[in-house]
């Protein structure tokens, strides 16, 4: 007989047990306080949206990455696949006053899964700074990302910074169509310099551009990367990208955050999505990014309003794994620090005592009378009360 498997979860999703939920809640509280103190307003987008919202726009999401389902009228729906796009839609289609700082705690769903953990239900916290452009806005977003990682107790992390415009500027000399550009981007992202160079030679790209793209995977490290990259900045767009990175880094140095920043011009994120500075949070404790962000000035254009914007999202479950490996998680708090045992007939007195104690901020558990359990809890250091018909007293 085939064994039933109703209790199993689909691939890429997971339950969280009390210790994990307790620590996730602590992370959320710390981030919520950071977001509030930075002047962010919390938003929540709908979990269900129309398929066309994400499949028919310029910055479309591949259909194979979306969980799809059918509405009662036959319309095709998807589970929210991207929170930044959802915020861009909200900003473009609502009377939101700009500039604005928005934050969120939300799930996104990736049907295909991504990274070495193939997580398909991704719980994120993020911020989007809308309506402002310029180097100071970029530096502020990166600095705030660093502050958030510090606030949740993460150690040994770095934020890799790049610029979508540098890669775009190099490609301006190549006259490639969209499919060819994406082929090259994927090879550069995979640090496959010979592959990228061979592909550009196949497409007849100028040697200067081919050499520049072949060098991209090597352009990572400290501030010196920006100087090394200058000889490959043959177009105005590439030079402008480097100038922006230099201004942003100068500000981050003034903020005292340079030790958390490195550069990687060979990490090229989605070119239609990102328009400027991009950044990724990394830690040795986990092999996948824990934070991802950048400037996306043209994203809301798809929904009818131009909104310059920069922001980032943090994968909270990945951060939970990283904190666990760093030994920074706390055991879940006990369910109560006071237990009230009630004799039969004294339940009302026990309940009244429970209300008074919880109103005073104590964690209280109510239980039927059990002398053996009461003694065990008392020996463990817990406050134990006993309710009788005469009243409530400490054991």
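Just so you know, all these numbers are worked out from the coordinates, no wet-lab data involved. Everything quoted here is computed from the prediction, not taken from an experiment. With ideal geometry, Cβ positions are generated from the backbone for all residues, glycine too; neighbour counts draw on all protein chains shown.
Taking label positions 7 Å along the Cα-Cβ direction at both residue 288 and residue 98, the computed distance is 3.3 nm, reported to one decimal. Overall, the anisotropy analysis places the range 1-119 in the oblate class: the square-rooted eigenvalues a ≥ b ≥ c of its C-alpha gyration tensor yield a/c not less than 1.5, with a/b not exceeding b/c. Taking the Cα-to-Cβ direction at residue 270 and at residue 211 and moving 7 Å from each Cα, how far apart do the two end points lie in nm? The answer from the label model is 3.5 nm. Computed from the C-beta positions of residue 355 and residue 58, the FRET efficiency with R₀ = 56 Å rounds to 0.45. What the Cβ-Cβ distance of residue 150 and residue 50 gives, at R0 = 41 Å and to the nearest 0.05, is a FRET efficiency of 0.60.
In plain terms, the chain from residue 383 to residue 107 could stretch by 95.4 nm, reckoned as 0.36 nm per residue minus the Cα-Cα distance. Axis of helix 236-254 versus longest Cα principal axis of the chain: the two differ by about 40°, to the nearest ten degrees. Mean-square fluctuations from a GNM of the chain, with a 10 angstrom spring cutoff on Cα atoms, peak among 53, 348, 84 at 348. The fewest-to-most ranking of 288, 262 by surrounding Cβ atoms within 10 Å reads 288, 262. A Förster distance of 41 Å, applied to the separation of the beta-carbon atoms of residue 32 and residue 301, puts the FRET efficiency at 0.85.
Each Cα pair under 8 Å and six or more residues apart adds its separation to the average, and for the range 338-394 the resulting relative contact order is 51 percent. For the chain, take the longest principal axis of its alpha carbons; what is the angle in degrees between that and the long axis of helix 18-37, to the nearest 10 within 0 to 90? It works out to around 60 degrees.
Cα convex hull, the chain: 231 Å³ per residue, rounded to a whole number. Given axes a ≥ b ≥ c from the Cα gyration tensor, I'd like to know whether the range 338-394 is rounded (a/c under 1.5), prolate (a/b larger than b/c) or oblate. Verdict is oblate for the range 338-394.
The Cα center of the range 141-158 and the Cα center of the range 182-215 differ in position by 34 Å.
For a quick check, take a GNM of the chain with Cα springs below 10 Å and name the residue from 124, 172, 140 with the largest mean-square fluctuation. Largest GNM mean-square fluctuation: 172.
Here the range 22-78 is treated as an ellipsoid with the same Cα gyration tensor; its semi-axes, largest first and in whole Å, are 33, 14, 12. Put the Cα centre of the range 1-64 next to the Cα centre of the range 321-393 and the gap is 33 Å.
Only DSSP H runs of four or more residues enter the estimate; each adds -39500 (n - 2.57), and after division by the residues of the chain the mean residue ellipticity at 222 nm equals -11500 deg cm²/dmol. Hey, what angle do you get for helix 316-325 against the long axis of the chain, alpha-carbon based, 0 to 90 degrees rounded to 10? Roughly 80 degrees between the two axes. Mind grabbing the base-10 log of I(q)/I(0) for the range 109-159 at q = 0.18, 0.19, 0.27, 0.32 Å⁻¹? Debye formula, identical points on the C-alpha positions, no solvent, two decimal places. Summing over Cα pairs of the range 109-159 leads to -0.82, -0.87, -0.99, -1.12.
For the chain, averaging the sequence separation of C-alpha pairs within contact (under 8 Å, six or more residues apart) and dividing by the residue count gives a relative contact order of 17 percent. Note on the chain: with a GNM built from Cα contacts shorter than 10 Å, the maximum mean-square fluctuation among 334, 81, 289 falls on 334. Summarising the strand pairing of the range 18-325, around 90 percent of its internal DSSP beta bridges are antiparallel. Counting every other Cβ atom within 10 Å of each residue's Cβ, 129, 220 order from fewest to most as 220, 129. Ranking of 388, 283 by neighbouring Cβ atoms within 10 Å, starting from the fewest: 388, 283.
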